[in-house]
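A short write-up of the structure that comes next.
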Amino acid sequence: MDLKWRKKKFGQIVNDIKKIKIQGARNVAKAALKAYSLLPKKESQKILLHSRPTEPMMKNVLDMAEKGMPENKILGHFIEAQNKINKSVFKLIKNKDIIFTHCHSTNVVNALIYAKKKGKKFEVYVTETRPLFQGRKTANELRKAGLKVTMFVDSALGIAFSLGVKKVFLGADALLKNGIINKVGSNLIAEISHAHKIPVYIVADSWKFTKENVPIEQRAINEIWDKAPKNITIKNPAFEFVNKKYLKGIITELGLMNYSGFVKRMV
Ligand code: RUB
């Protein structure tokens, strides 16, 4: 593969990450690893990390690659972690549960599909997740696996929670010492769950953990309102922080733990 081709392919991957054609922490980390393997140098890392700044797993994986961990070992970790996560999620789901989720998380969706395949009978409520509608991706994948899915506009959260939600499963982009970062809206969901005494579980690969500060990505305003009139300030944060006090537990490849117990294992 000549350098020109590798540069072109690298640029395509970066673009797909920026435009959310590749989305979700795990998919972003995998794509970044592939891009880095095409042009393995410091500059590539910088460009990749800049493409989605709220993704510590991408940073962790690029650091491992730089230190010489083979690509197939890193990819193998994702598969093994998911398999372990699936088993813990399976144990938590009860027949007739209504599970609520938000956005699109590979860790969450794969675990729900696994539980369905292994015979659990439950249904899923999902938000549409404005402005980029990643909830549609979730709904489609779950529907194809034979799960009953109901979609709500993000602002119908209160109504959705009055209809019998039993558990909330959220993915995560960053696992921090005092809580997590996930798609904007996650904190509102956590607060409403808390008010209704519905448990919130984070379903995430432990490689999303970081001790560093994680900036919240601010995305282009035209995602919210294309050609908006001038003099209106529009804010488009992609993610938000959820304090650990709202979390009943976290499911990683290390098992189901309370959040503080998980952090103790990671530091
Ligand atoms: C996706 C999102 C997901 C996490 C976890 O946001 O917030 O919940 O990334 O995903 P976006 P995964 O669509 O902006 O990338 O479980 O796939 O790692």
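Results, tabulated for the structure shown:
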{"item": "Residues being under 20 Å from the mean Cα position of the chain (by Cα) and open to solvent by less than 10 Å² (accessible area, probe 1.4 Å) - total across segment 158-172", "result": "5"}
{"item": "Enumeration of residues in segment 177-187 that are at negative phi and more than 14 Å from the ligand (Cβ to nearest atom)", "result": "Lys177, Asn178"}
{"item": "Scope segment 122-152; condition under 15 Å from Lys183 (Cβ atoms) and among the β-branched types (Val, Ile, Thr); matching residues", "result": "Val126, Thr127, Thr129, Thr138"}
{"item": "Selected residue (criterion: surrounded by the most Cβ atoms within 10 Å (Cβ to Cβ)) from residues of segment 191-219 that are more than 13 Å from the ligand (Cβ to nearest atom) and small (Gly, Ala, Ser)", "result": "Ser193"}
{"item": "Residues of segment 210-267 satisfying the condition of being touching a residue at least 40 places away in the same chain (Cβ under 8 Å), assigned to a strand (DSSP E or B) and of a type in the set (A, V, I, L, M, F, W, C)", "result": "Phe239, Phe241, Val242, Ile250, Ile251, Leu256"}
{"item": "Hey, Arg143 surrounded by fewer than 17 Cβ atoms within 10 Å (Cβ to Cβ) and either under 16 Å from Tyr201 (Cβ atoms) or within 14 Å of the ligand (Cβ to nearest atom) (or both) or not", "result": "no"}
{"item": "Hits in segment 19-36 - residues which are more than 15 Å from the chain's Cα centre (by Cα) and either at pLDDT below 95 or closer than 22 Å to Asp205 by Cα (or both)", "result": "Ala32, Leu33, Lys34, Ala35, Tyr36"}
{"item": "Looking only at segment 165-176, and only at residues there that are more than 8 Å from the ligand (Cβ to nearest atom) and not in a strand (DSSP E or B), the one that is farthest from Ile93 (Cα to Cα)", "result": "Leu176"}
{"item": "Qualifying residues in segment 96-129 (those that are among the aliphatic types (A, V, I, L, M) and open to solvent by less than 10 Å² (accessible area, probe 1.4 Å)) - the one nearest to the ligand (Cβ to nearest atom)", "result": "Val108"}
{"item": "Selection within segment 6-20 - within 16 Å of the ligand (Cβ to nearest atom) and touching a helix residue (DSSP H, G or I) at 6+ places or on another chain (Cβ under 8 Å)", "result": "Ile13, Val14, Asp16, Ile17, Lys18, Ile20"}
{"item": "Single residue of segment 46-73 satisfying the filter (open to solvent by less than 40 Å² (accessible area, probe 1.4 Å) and of a type in the set (Gly, Ala, Ser)) that is nearest to the ligand (Cβ to nearest atom)", "result": "Ser51"}
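Each row is one residue, and each column tells you yes or no for (1) out of contact with any helix residue (DSSP H, G or I) (no Cβ under 8 Å at 6 or more places or on another chain); (2) part of a strand (DSSP E or B); (3) more than 17 Å from Gly171 (Cβ to Cβ).
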| residue | (1), (2), (3) |
| --- | --- |
| Lys73 | yes, no, yes |
| Glu80 | yes, no, yes |
| Asn83 | yes, no, no |
| Asn86 | no, no, no |
| Lys94 | yes, no, yes |
| Phe100 | no, yes, no |
| Asn110 | no, no, no |
| Lys121 | yes, no, yes |
| Val126 | no, yes, no |
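The values are calculated or read from the model by the stated rules, or taken from the named source; none is laboratory data. Note that this is a predicted model, so its numbers are computed, not measured. Heads up, the Cβs are rebuilt from the backbone with ideal geometry, glycines too, and the neighbour counts pull from every protein chain shown. Just so you know, the surface numbers come from the protein's heavy atoms only, side chains and all, with ligands and any DNA or RNA stripped out. Shrake-Rupley method; radii C 1.70, N 1.55, O 1.52, S 1.80 Å.
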